[in-house]
Every structure is written in C-alpha cells, then in structure tokens.
1. With charges only on Cβ, +1 for K and R and -1 for D and E, what is the dipole size of the chain about its Cα centre, in debye, rounded to 20?
2. Write out the chymotrypsin sites (Phe, Trp or Tyr not before Pro) in the stretch 149-209 meeting two conditions: DSSP loop, and at most 11 other Cβ atoms within 10 Å of their Cβ.
3. Provide the net charge surrounding Lys190, with neighbours chosen by a C-beta distance below 12 Å and charges set as Lys +1, Arg +1, Asp -1, Glu -1.
4. Sort 22-34, 78-90 for me by packing, meaning the mean count of neighbouring Cβ atoms within 10 Å per residue, highest on top.
5. How far is it, in nm, from the label point at Cys152 to the one at Asn135 when both lie 7 Å from their Cα along the line to the Cβ?
6. With axes computed from alpha carbons, what is the tilt in degrees of helix 197-208 against the longest principal axis of the chain, rounded to the nearest 10 within 0 to 90?
7. Between Glu176 and Gln144, what is the label-to-label distance in nm when each label sits 7 Å out along the Cα-to-Cβ direction?
8. Amide H of Phe68 versus every other amide H placed in the peptide plane: which residues, excluding those fewer than 5 positions away on the same chain, fall under 5 Å?
Amino acid sequence: MEACGRLKLTAKQIEDYPDVPEEARVYLKPGKNDEGYWTAECLIEQVEYKAIPIFEALFPNCVAVFAFDNSSNHSTFAPDALVAKRMNIGPGGNAPKMRDTFWGPNNERQSMNFSDGKPKGIKQVLIERGLWKKNMVGECKLCQDRNNDPSCVDCCGRWIISLQPDFLAQKSALVEVIENAGHVCIFFPKFHCELDFIECYWGAAKRYT
C-alpha cells in the first residue's frame, strides 16, 4: 500500500489491536508432500481474516479497493453459489446444495432445494419459473461440447438457466467476501501484466534475491 507499505501492524498497533493479525503476508511451503499449493480457499482466508481486519484497524471508516489479476483462483465460486454447470438436470445426485435466490419482476424467493434438503435440479427450478417447455432436453450436445452459441437462448435447460439474471449476477467467492465487508474489489485488464501491481512486486523481489 502506498500509505504504509506491506499490510501489517506496527509494534504499538499490535498492542492496541490484540485480536487483529500482525500482518497479511502468508507463508506456504509448496508441494504435494509439504503444505500443498495456493488455492482459492487460501486466498479468501487471507483476505477475510488477515487483510481486511488489518486494513480496518489501520484505516477506520475507510473503504479498501482490492485489485487482483485474472487468476483462476480469483474467479472461483462459493460452494453454494448459483452456477448452472454444477447442477444436475434432475433432483438429487452429487450436485451441491445452492443458496436460495430471488427471481422475476416481483423478486420472488425461490429455494434451490426441496424441504428434505435434496437439490432440485435444473428441470424443477425451470418448472417453478414457468420456463420448462414440453420435449425440452436438459442439456444439448452444443452445451456438452462447451460451444454455446450466444445467439441461442433456449437450446436446452442448462443454457436457459445459465442466462437467468440471478445466475448471471453471481459473483465469485472472493468478490463476495470483500463486498460483504463493505469494501471494493476490482480486476486488472486481462493480458496487460504491465498494469498489474503484483508483477512489479514480484520483479522487485526477484531483483532483491
């Protein structure tokens, strides 16, 4: 950070905020026989339980702007997020239990699971929304091959539900954690590493070592 360098507390601040981590930096010994690898869960834990508390201690009543590159870790969804590709066509199975949602002009609440906790599946969700059509297939070959035509809006159930506003509005787990804490999350443009702060930081670290 321009105001304080790396996100960490001074010795005096450590005394003043005993429940806040001393610094946001995390060490990891990589490798499958050591501590594993840096995952989305590692990042979210670092942001939620280290970076945000430290920032709020250093800059009370301020809003942080967290900026990230476009790593796949940064776009990972929460386990209960509204993600069409995670759903089965029919109920149950190994599909995750998704969060309740709101849809339609009246912002109607819809549970994504039956009363017994079983996931509803794409067909049931679309039936409840009045969008399941006679003889509709759950997933067409075009979607199975991941070659969806953007001009097609009703080729199959999976494509229809993926285009629903609540599914399109689903944010990544990283963005949700940051925004739920009252801060802002932005992403650098893809394929422009010269604009990415972390690239400069890595370069400085390499020169130092």
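1. Magnitude of the dipole: close to 920 debye.
2. On the way: sites: Trp159, Phe167, Phe187, Phe191, Phe197, Tyr201, Trp202, Tyr208; in loops: Phe191.
Here the chymotrypsin sites (Phe, Trp or Tyr not before Pro) that fit, given the DSSP loop and packing criteria, are Phe191.
3. Numbers: positive: none; negative: Asp69, Asp196.
Surrounding charge for Lys190 is -2.
4. 78-90, 22-34
5. Going from the Cys152 label point to the Asn135 one covers 1.6 nm.
6. 40
7. 3.0
8. Answer set, sorted by chain and number: Ile186, Phe187, Phe188.
The values are calculated or read from the model by the stated rules, or taken from the named source; none is laboratory data. Predicted, not measured: the structure shown is a model, and the values here were computed from it. Reconstructed Cβ throughout: ideal geometry from the backbone, glycine too, with neighbour counts over all protein chains shown. Surface areas here come from the heavy atoms of the whole protein model, side chains and all, with no ligands, DNA or RNA. Shrake-Rupley method; radii C 1.70, N 1.55, O 1.52, S 1.80 Å.
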